[in-house]
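Enquirer: Handing you a structure now.
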């Protein structure tokens with residue numbers, strides 16, 4: 001079973017169907033498409049900056065392998081390892097791009113398939129009781145209060161005369 005995240009525009013409200021037509025569900029885990037097609041997978045999903053970054057990284061690895069004089073076997077092994085890394089991080093880069101475009105993660109579920117995840121996410125989103133609330137930034141905790149005792153050491157306060 002995989003976890004899936006729901007991405008909606010910032011102005012979407014829980015319990016309303018407005019904005020669900022633009023919802024995107026992103027599966028978590030290894031992406032075989034990103035592993036096999038690397039930058040093309042990112043461009044297909046309209047992840048332009050991530051795709052350009054992956055393309056630049058692959059070119060840099062190839063140039064570095066050529067400069068270091070790696071054998072063809074070692075070059076293939078390094079390329080395979082980089083492709084595995086791309087497959088592992090593709091979903092995270094997709095979520096990052098969606099959040100940057102104003103579509104933060106609104107909900108997450110664990111499901112056996114995309115269809116099951118979609119039905120669970122939509123049912124939870126449209127149910128006003130069970131719908132997740134808007135993401136709220138955590139309150140910044142107040143710092144410790146300063147007592148009335150005098151400060152000793154390198155503080156900006158003037159110490160008494162000696």
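The values are calculated or read from the model by the stated rules, or taken from the named source; none is laboratory data. Bear in mind that the values here come from a model prediction, so they are computed numbers and not experimental data. Quick reminder, even Gly has a Cβ in these numbers, built from the backbone with ideal geometry, and neighbours come from all protein chains shown.
Enquirer: How do the pairs read when you match residues in the stretch 78-104 that are under 13 Å from residue 54 (Cα atoms) with residues anywhere that are exposed (fewer than 14 other Cβ atoms within 10 Å of the Cβ), using Cβ under 7 Å and keeping only pairs 6 or more apart or on different chains?
Expert: Correct list of pairs: 87/32.
Enquirer: Within the set of pairs 6+ apart or on separate chains, which have a first residue in the stretch 63-74 that is at negative phi and modelled with pLDDT of 90 or more, a second that is assigned to a loop (DSSP other than H, G, I, E, B) and loosely packed, with under 10 Cβ neighbours inside 10 Å, and C-beta atoms under 9 Å apart?
Expert: none
Enquirer: Please go through the stretch 45-56 and give me each residue that is over 14 Å from residue 34 (Cα atoms) and either buried (at least 17 other Cβ atoms within 10 Å of the Cβ) or touching a residue at least 24 places away in the same chain (Cβ under 8 Å) (or both), ordered by number.
Expert: Within the stretch 45-56, 49 is the sole residue that qualifies.
Enquirer: Moving on. Can you tell me which residue in the stretch 3-15 is farthest from residue 79 (Cα to Cα), limited to those that are surrounded by fewer than 16 Cβ atoms within 10 Å (Cβ to Cβ) and touching a residue at least 40 places away in the same chain (Cβ under 8 Å)?
Expert: 15
Enquirer: Sort out which residues of the stretch 65-83 are surrounded by 12 or more Cβ atoms within 10 Å (Cβ to Cβ) and within 29 Å of the chain's Cα centre (by Cα), and write them in order of number.
Expert: Restricting attention to the stretch 65-83, the residues satisfying the condition of being surrounded by 12 or more Cβ atoms within 10 Å (Cβ to Cβ) are 65, 70, 74-79, 82-83.
Matches in the stretch 65-83: 76, 77, 78, 79, 82, 83.
Enquirer: Out of the residues in the stretch 89-133 meeting the condition of being exposed (fewer than 11 other Cβ atoms within 10 Å of the Cβ) and part of a loop (DSSP other than H, G, I, E, B), tell me which one is modelled with the highest pLDDT.
Expert: 112
Enquirer: Filter the stretch 26-44 down to the residues that are in contact (Cβ under 8 Å) with a residue 40 or more places away in the chain, crowded, with 16+ Cβ neighbours inside 10 Å and in contact with a helix residue (DSSP H, G or I) (Cβ under 6 Å, 6 or more places away or on another chain) and list them by number.
Expert: Answer for the stretch 26-44, where residues must be in contact (Cβ under 8 Å) with a residue 40 or more places away in the chain, crowded, with 16+ Cβ neighbours inside 10 Å and in contact with a helix residue (DSSP H, G or I) (Cβ under 6 Å, 6 or more places away or on another chain): 26, 31, 34, 35, 38, 41, 42.
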